[in-house]
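Right, one structure below, let's go through it.
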Amino acid sequence: MSGVWAVARYTLSQCLRMKLAAVFLAALAVTLLVLPLALEGDGTLAGRIRSVLTYSTATVSVLLSFMTVLLTVGIVAGDMQARTVFLLAVKPLPRWKYIVGRWAGVVLLDAALLAISGGAIYAVAQHLREEEALNHTDRVAVETEVFVARSAMRPRLRKDASEPIAPGTSRRWTVSGVRASPVSVEGRARLQARLTEHHAFVRGVSANLRPLLENARRRDAIAEAWITGDERGRGIRARVEAEGRRLVVVYRAGNEQLAEALRPGQSVTVVLVEHRHGGPQTRGEGAVVARESHLRAAFEALDDVADHIAVGEYVGIRGVDGRVEHFRDNRFTVRFLPRDAHRPQVADLTAGEDVPVTVRPSLQLRYELSGRGTSGGVFGQWTAGSARSPYPPLRIRRRFPAGTIDTLAIPERLVGPGGDLFVEFTNGSGVNVTVDEDTLSVLYRAGGFTGNFLRGFGLMLAQMMFLAALGVFAGSFLSFPVGCLFCAAMLPFAMMRSFIADAVKLPRHGETDPVVWIGHGAFRLMQILVPDFARTSPSDALAAGRIIPWREVIELVGLTGGLQCVLAITFACLIFRKRELARVQV
Amino acid sequence: MSRPRVLQVIFVVAAVGFATAAVMLRRPLDRISEESGLTSPGNVVAEEHPQLAVWTTAFGGLRAPVVAGLWIRADQHVQAGRFYDAKQLGDLICQLQPRFPGVWGYHSWNMAWNISVKTKTREQRWLWVTNGMRLLRDRGIPLNPRALGLYKDLAWLFYSKMGGHTDEMHRYYKKRWADEMQRLLGAPPMGTTDEVIDAFRPVATMADRRLDRDPRRQGRSLIQGDEFARLLADRPATRAYLAELRRRLADALGAGVVHPRVRRVADDEPLIDIADEPLLRTYNLFSRDEAVRNWRFAAPDPVDEREQRLAEWINDDATREARNALLAFVRAQKLWNVYKMDATFMLRIMEKWHIPLDWRMCRAHGLYWNSYGMNVCEGVMALDDLNTVNTGRTLLFCLRDMVFYGKVMYRPSASDPLDPDKAQLIRRGDWRFIKPAQAQQLELIEKIREPRGESFKENIYRAGHINWLTDCIKMLYAGGRRRWPLAKDLLAWIKDNYDPKGPEWERLDPRSNDDLRRFVRYRLTQNGSPIISVAVSQIEAALIAALEHLTDGNTGQHAFFLNHAQRVYGLYQRDAPPRLKLAPFARYYYEVLAHMIAHPASLGTQLDKKARRALYVGFRGAPFAPQLYQHVRLFVEPNWQADGWRDELEVSFKTAFRKPPDYDAFLEQQRRQREAPATAE
């Protein structure tokens, strides 16, 4: 591979010397400097960050795409035109190594530029994150809708899901398999008391629990057993804490998996730490401002915690959960469940006292309503909850936007112990309303922004790898202008493939027009050979806080940066191998 | 040096020389062009935005496809709920076609009317409505100052979107706007029209003297530094006042008292920064001037001795002149630089129609932008142009509606003054707008009638004009006998000028009280239910008249007007859709009663304190007595001494306004309601 490496290094230095690369580098630098200053979004901080992420990643992608194509075609075709290839041809360097080396050199440059521009965009985004938000809702949106990587869970759809909902009627959907379950501190306290009394039993439980925990850890899910007074439990806990997993979930004895481990019939609640769908909890310090009643108290928290609190969400005060009813200027009012009113954590709250505050994560319901004459919105009620959750269902009754996709925050506390959650829409308007089944989903936090950002740039690198291969392929048998034209024809196809797929006429049954068949065949072939750049662009995913899963990254990198890229390079090698570099003239 | 090199140097020097000459000549040439009317007036502003030149030329012939592509993308984003990009793209499209007023109008409309209703929270909606408003006001109009359609669109936004009832969150818009304007201008006096105009005059005078109205400077800073320096140089007392305010603010907050209501200031902070937010906030917090007292729930409540001293100093008569000059200056500057409004023109509007315009009302701003647009575009607008016609109509609608909603009371919550949701917003009719609106209607008819060749009697506005005047007559009738002469004048005017047909007009003697009563009753019963503004104006006017008669001891007239109010209420409720149903009738009665006791001037009546106390005593047994007592405690007790209650009644508050027996139970009930679980957002 030394030959390939030597050509790659030479290509890299050659690229850096070229004016073309310098022009693109300057354009890239100017873009990354100007865009964050010029973009305002919709006037909110979340909108501004989204705009910056969308436009800066899209601009980097476009600029680097053109640069890659021009450089690769220019270098390979230029070698032929300037006859510098003769110098290489007479050396003991196989022709395929020349092609691969040229490709690798440009890809190296792309990788470096992507790393630099990605770093710059990431730094700008993080800088903007620290800017003052328009209001608290805006701040919460920044933290929970932008700087996250959310995945979607689709509900089980009934046959009549697409039927309109008549006025005054309801329809319910159920999402199952949400692994997160509500924390019940009451359960934990019961458990602790019970386990203290029954050490022997607990040791047995732990022994049974351990394989489950080990198994779960392998899945990067369950991580800790919080069993007071049990040596083995403490050992597990210590290991888990060392791994930095600090999230708590309660599995009730009703949970089938645990019921086996804990012997059926025992009313023991086991508290486990699990990687949650809702994302990490935010912990910090707060202070009691006023005790308003036996169920309600007002608190104040510092920015790092307060930035994550939203009305309707659940916060843990000294480990007891309550729902946030009001929020303003870092002050918030929490209403506890009646069953918790007399617990010392709640009953002993006094004004001025410092208390630990934990903000529980939330899920988001994504939906789209539509109906005739609903441009001003649809009045109705969304209800979310679980029959098995100790917390009352969330009811949001108001006018909801129609004709557009909207999200509603649902506290993760509402998910039942078995991971079930229902959402229900009651149509309170005077017209039939349809809930779009393709849109209806529950979003949950599946990862962090940084990882998602890196995966997104990984996809962009795969895109550049393909374009470099395409450029080398074109340069291997075409002159520079024709090669550029060839690539310029491929680029729009790759960028608008989805649109073209919708627009292309499919041959119907009994179609006899050969033009349609040939056109369709050509399109299918192009689909195989040319990747879909809409899928490799991370702009929309990053702006929407949508996760780019590893599965997709592997698939796209394997397809675009692997198969299609290898295909193009192979063709380039084959052509270049047979190509007559010089004609002997006698 | 070789010959080619010499030539190169010569050419480079020549190029630089020509470029320099071109730059130097450009401004004089531009000025000559402007003076000769050869350039668009928006050029003056456009020169200050070089990016516009880049955007309009960078794409060359591809500008149209680029705009089309952006337009499609913007629409797709709105459909997909990605609103964050819609404003960005709208801005970009406008910058690519900065001289195309329709583009500014479309995108402003899209944001304020279409995107706003796709959002769900009040704050989001307000953001999009104001995004649309700002796009026109701050960007579109300065670049196209002669585009009447843009003024019309902006005025319509104030009139219909914010001032109307079509959006279910319209009350929130009204509160936000009233809040913003009240913080800047305070509340107008509750007295006569002249008093209201005179209260605004200092701001206009200051705008005339200490404001550079060059459009190129508009919005560059909140307060123009050079004008500020001139103000301080002219008025040493103002400089001393500001310096003292800075010292006292630093002192009040220096001892570790972090009061969220006032920003912390440093000893050496520039005076121009003190003149803005710190001055207005401190004044609004502690002043006892009428402009502030009219809307504050309770007396100033300093948290410590230092704040107490600050509050006393703010109200010191010795510094009144300096303070008022400074307030007028800051208000004029912010109106111009932030709201793009000319205070001299605002005053001109008030004087032209002689109206007590309250700038906290959205429709007052609709009136301003219509009038301002027509003033700026005078000479370039064609009378038969649709924009001209619609601008004139919107202007008229604004004036007409103030007859029914011309008085505003906006009181931020005492517990949470920053939350407009908790604030109280009351709008009431003001008959003083009838004559100006009538004059404007006649002016509009004359403008339109002649080109169309119509007779006055058959003019295009005939039906609407008669209906509106009839609504005014009904309101005046409900407002009590002292308003009846004007009602009869209007009735006579309709009969003389339009000669309408119908049973109610037959054998009608407009000067007869009986015929007026017959006419009103006929129109009430035969014309179907009134629209909400007309209904509420009649109900409240009748209730005010009823209670006025009650204080005179005339229970018969009280019953008469009370019956009338109930009849209008019943007629409206009969056909109103659920969304627009009114609150229970007793609520209206209670509201009018409470205001009559606590601040009768807001209802346009003058009641002495003994009569107000007598009203309270008379209703101590009413079901709403606890609420009434709570209202009196909030608004009367804090000003017991300052407002002269003690001197006139010669008793304490507790003696004059005794607590109803069930007041404690009422408070307990309120507490329980507050603690009830909230199941819906």
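Computed extension length for B:HIS354-B:ILE72: 96.7 nm, one decimal, from 0.36 nm per residue of separation with the Cα-Cα distance subtracted.
Binning the alpha carbon pair distances of chain B at 10 angstrom intervals from zero yields the distribution 3, 12, 21, 24, 20, 12, 5, 2, 1, 1, 0, 0, expressed in whole percent.
Solvent-accessible surface (1.4 Å probe) assigned to A:THR350 amounts to roughly 80 Å². How many angstrom lie between the Cα centre of region A:523-586 and the Cα centre of region A:50-100? When both Cα centres are located, 14 Å separates them. Residue separation of B:ARG587 and B:ALA19 scaled by 0.36 nm, minus their Cα-Cα distance, works out to 197.0 nm of gained length.
Here A:LYS97 is the anchor, and the lysines within straight C-alpha reach of less than 30 Å, apart from those fewer than 8 places off in the same chain, are A:LYS19, A:LYS578. FRET efficiency for the pair B:ARG517 and A:ALA27, taken as 1/(1 + (r/R0)^6) with r the Cβ-Cβ distance and R0 = 60 Å, rounds to 0.15. Net charge dipole, region A:282-359: roughly 400 debye, given to the nearest 20, about the Cα centre with Cβ charges of +1 for Lys and Arg and -1 for Asp and Glu. Inter-label distance, A:VAL482 to B:ASP662: 9.8 nm, where each label sits 7 Å from its Cα along the C-beta direction. Built from the Cα atoms of region A:4-162, the convex hull projects on average onto 14.9 nm², one quarter of its surface area.
What's the angle, to the nearest 10 degrees (0 to 90), between helix B:462-478's Cα axis and the longest principal axis of chain B? On a 0 to 90 degree scale, this one is about 40. If you take the alpha carbon atoms of region B:188-357 and fit the smallest convex hull around them, that volume is 119 Å³ per residue.
Once the Cα atoms of helix B:386-405 and of chain B are each reduced to a long axis, what angle between those two axes, in degrees from 0 to 90 to the nearest 10, is obtained? That works out to roughly 30 degrees.
Between the alpha-carbon centres of region B:372-447 and region B:554-619 there is a gap of 26 Å. Give me the lysines in straight-line cross-link reach of B:LYS334: C-alpha distance below 30 Å, same-chain residues under 8 apart excluded. Result set, ordered by chain and number: B:LYS87, B:LYS152, B:LYS161, B:LYS174, B:LYS175, B:LYS352, B:LYS407, B:LYS422.
Here region B:539-558 is scanned for amide nitrogen atoms under 11 Å from the site 7 Å beyond the Cα of B:ASN639 along Cα-to-Cβ, giving none.
In this view, the solvent-accessible surface of A:TRP96, computed with a 1.4 Å probe and all protein chains in place, comes to about 120 Å². Taking the longest Cα principal axis of chain B as reference, the axis of helix B:343-353 is set at about 40 degrees. At an R0 of 41 angstrom, the distance between the Cβ atoms of A:ASN432 and B:LEU386 translates into a FRET efficiency of 0.65. Using only side-chain charges placed at the Cβ, +1 for Lys and Arg and -1 for Asp and Glu, the dipole size of the protein assembly as shown relative to its Cα centre rounds to 2520 debye. Between the residues A:GLN281, A:MET465, A:LEU443, the greatest Cα displacement towards the positive end of the dipole of the protein assembly as shown, with unit charges on the Cβ of Lys, Arg, Asp and Glu, is found for A:MET465.
Just add up the charged neighbours of B:ASP267: K/R +1, D/E -1, any other residue whose Cβ is under 10 Å from the Cβ of B:ASP267. Spelling it out: positives minus negatives among the neighbours equals -1. Buried surface between chains A and B: roughly 3000 Å² of accessible area, summed over both sides, computed with a 1.4 Å probe on protein heavy atoms only.
Of the residues A:TRP103, B:TRP336, ranked by 1.4 Å probe accessible area with the largest first, the sequence reads A:TRP103, B:TRP336.
Per-residue surface analysis assigns B:GLU321 an accessible area of about 140 Å², computed on protein heavy atoms at 1.4 Å probe radius. Neighbours of B:ARG137 by Cβ distance under 11 Å: Lys/Arg scored +1, Asp/Glu scored -1, total +1. Solvent-accessible surface of the protein assembly as shown, averaged per residue with a 1.4 angstrom probe and all protein chains in place: 45 square angstrom.
Between A:TYR10 and A:ASP303, the modelled label-to-label distance comes to 5.5 nm, taking each label 7 Å out from Cα in the direction of the beta carbon.
Of the solvent-accessible surface of the protein assembly as shown, computed with a 1.4 Å probe over protein heavy atoms with every protein chain present, carbon and sulfur atoms account for 56 percent. The Cβ shell under 15 Å around B:GLN79 holds other residues with a net charge of -3, Lys and Arg each +1, Asp and Glu each -1. In this structure, A:ASP348 and B:GLU321 have a Cβ-Cβ separation that, at R0 = 51 Å, corresponds to a calculated FRET efficiency of about 0.35. Modelled spin-label separation between A:GLU131 and B:ALA463, with each label point placed 7 Å from Cα along the Cα-to-Cβ direction: 5.3 nm.
The values are calculated or read from the model by the stated rules, or taken from the named source; none is laboratory data. Computed from a predicted structure; not experimentally measured. Positions of Cβ are generated from backbone atoms using ideal geometry, with glycine treated the same way; all protein chains shown enter the neighbour counts. Quick note on the areas: whole protein, heavy atoms, side chains included, nothing else; ligands and nucleic acids left out. Shrake-Rupley method; radii C 1.70, N 1.55, O 1.52, S 1.80 Å.
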